[in-house]
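The next block holds one structure in the form of structure tokens; read it before the comments.
FYI, it's all coordinate maths here, none of it is from the lab. From a predicted model like this one, the values you see are computed outputs, not experimental measurements. All Cβ positions, even for glycine, are placed from backbone atoms using ideal geometry, and neighbour counts span all protein chains on display.
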Amino acid sequence: METCSLCQEQAKKTHRGKPHDDLIKVDESRIFTGNRAQGYEEQDYKCLICNSKFTQSTGKNDLAWTLWQG
Ligand SMILES: [Zn+2]
């Protein structure tokens with residue numbers, strides 16, 4: 001399935017970027033406490049238009065929005 005234009009834009013967003021309107025949360029967020037002072041959080045999303053899946057991460061070394069190609 002083609003990735004919709006909203007998702008293509010989503011993949012370029014930064015850590016401050018908000019999910020687009022048709023991106024819904026899947027499951028609860030996962031909290032990682034890691035070995036450093038700062039933990040980080042991951043949240044999965046799914047697009048209602050094209051079914052693309054994203055993981056949003058607040059980890060500084062991770063991409064903010066990772067698009068999982070079906
Ligand atoms: Zn989409």
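Miscellaneous remarks
- Descending Cα extents along the principal axes, the chain, whole Å: 39, 22, 20
- Rounded to the nearest Hz, the phi-derived 3J(HN,Hα) couplings of the range 44-58 under the Karplus curve 6.51 cos²θ - 1.76 cosθ + 1.60 (θ = phi - 60°) are 8, 9, 10, 8, 6, 8, 10, 6, 5, 10, 10, 10, 9, 10, 9, where x marks glycine and proline.
- Multiplying the residue separation of LYS25 and LEU6 by 0.36 nm and removing their Cα-Cα distance gives an extension gain of 5.3 nm.
- The chain, relative contact order in percent, only Cα pairs under 8 angstrom and at least six apart counted: 30 percent
- In the range 1-69, trypsin sites (Lys or Arg not before Pro) in a DSSP loop with at most 16 other beta-carbon atoms within 10 Å: LYS12, LYS13, ARG16, ARG36, LYS60
- Applying a 4.7 Å Cβ-Cβ cutoff to the chain, the cysteines left without a disulfide-compatible partner are CYS7, CYS47.
- The chain: most fluctuating residue of THR33, THR58, THR14 per GNM, C-alpha cutoff 10 Å: THR33
- By other beta-carbon atoms within 10 Å, ranking ASP21, ASP44 with the fewest at the front produces ASP21, ASP44.
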